[in-house]
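Working notes, structure below.
FYI, it's all coordinate maths here, none of it is from the lab. The structure displayed is predicted, hence computed values, not measured ones. With ideal geometry, Cβ positions are generated from the backbone for all residues, glycine too; neighbour counts draw on all protein chains shown.
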Amino acid sequence: MAATARPRRSVLYMPGSNVRALEKARSLAADGLILDLEDAVAPDAKVEARSNVVAAAGSYGQREVLIRVNGLATPWGQADVVAACASQADGILIPKVESADMVRQVEAIMAANNAPDSMKIWCMIETPLGVLHVEDIAKASPRLGGFVMGTSDLAKDMRCLHTTLRLPFIAAFNLCVMAARAYGLAILDGVHLDLSDDEGFAASCTQGRELGFDGKTLIHPKTIAAANAAFGPTEKEVAWAQTIIAAHAAAEQDGKGVVVVDGKLIENLHVVTARQLVAEAEAIKVLEADLATA
């Protein structure tokens, strides 16, 4: 888990130029949304899309909402960040972050435009330089909220193949997950591009959870349920976590630091993980209840 138990099992990209899609997103069971002003929006629609996402950002209940802006070097990037500062989004997602300085430039714009203290900066890690500089990026600003892996651009720059096992990305994934955890950040896995490949999508979700990602970014609503199932705790996992917590608490009352439960040695580190899992399960219930009343 990241620094908070906020659910991030499924985070869906939504094109900012498509008002109907932005409205439909209110009824979708994704944990979070990325309202996109960058890749999903044609140049002649950028300004209108900006207005759309700023207006929509506060209408998704308790779900986490990020606005992906255009890069600062583009004609739209700085205006995107300024507009996002006045929105009700939870964070601003910067594309192709390759240095701590890129983060600090956005941080300065946010400070100059009175962005709320709660608004986070998120970074797309999608280039070789971004991966190689990921630790510096992770500690660049107290506003940092998390990383999003951009595997499509990374594959292009690495000249590697998209494979079922995603072996070309493993080193990058490991580096980015470790940097995120070292600095208390969330981190989301990249998208799966083949919407007809349900088996491959499921495999990438399983692998992503094994690697330590909080959830997966998505490009279509039909994949939300599978991502939620893959990254969310099962009833069995929650029950085991609660058993661990209760058994260890009883052992501590007896002056013991460890306890054996069903043949497994339980120490405090296991209890910390168990409490994180239970907190995540409770947060998911709250989010699902909020969606049901929307």
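Structural remarks
- Across the stretch 16-142, the mean sequence separation of Cα contacts (distance under 8 Å, 6 or more residues apart), normalised by length, yields a relative contact order of 22 percent.
- The alpha-carbon atoms of the stretch 1-154, seen along their principal axes, cover 38, 36, 33 angstrom, with the largest extent given first.
- Pair-distance distribution of the stretch 190-266: all C-alpha pairs, bin width 5 Å, starting at 0; shares per bin in whole percent are 3, 14, 20, 14, 10, 10, 9, 8, 6, 3, 1, 0.
- Dipole magnitude for the stretch 189-237: about 120 debye, using +1 per Lys or Arg Cβ and -1 per Asp or Glu Cβ, origin at the Cα centre.
- At 0.692 mPa s and 37 °C, Stokes D of the stretch 136-294 from Kirkwood alpha-carbon radius, µm² per second: 182 µm²/s
- In a reduced charge model with +1 at each Lys and Arg Cβ and -1 at each Asp and Glu Cβ, the chain shows a dipole moment near 180 debye about its Cα centre.
- Taking 7 Å steps out from each Cα toward its Cβ at Ala251 and Glu235 produces label points 2.8 nm apart.
- Two-site FRET efficiency, Ala203 against Leu161, from Cβ-Cβ distance with R₀ of 22 Å, rounded to 0.05: 0.90
- Helix-only [θ]222 nm of the chain, DSSP H runs n ≥ 4, -39500 (n - 2.57) each, per residue, nearest 500: -14000 deg cm²/dmol
- Take the chain and mark each of the trypsin sites (Lys or Arg not before Pro) that is in a DSSP loop with at most 15 other Cβ atoms within 10 Å; the longest unmarked stretch, sites excluded, is 1-138.
- Loop sites in the stretch 191-291: GluC sites (Glu not before Pro), DSSP, at most 15 other Cβ within 10 Å: Glu267
- Estimated from the Cβ-Cβ distance and a Förster radius of 41 angstrom, the FRET efficiency linking Asn268 and Arg26 is about 0.45.
- For the stretch 85-179, the equivalent ellipsoid derived from the Cα gyration tensor has semi-axes of 27, 12, 11 Å, listed largest first.
- Dipole check for the stretch 78-214: with +1 at the C-beta of Lys and Arg, -1 at the C-beta of Asp and Glu, and the Cα centre as origin, the magnitude is about 320 Debye.
- Listed residue (Ala5, Gly208, Ala83) projecting farthest to the positive dipole end of the chain, Cβ model: Ala83
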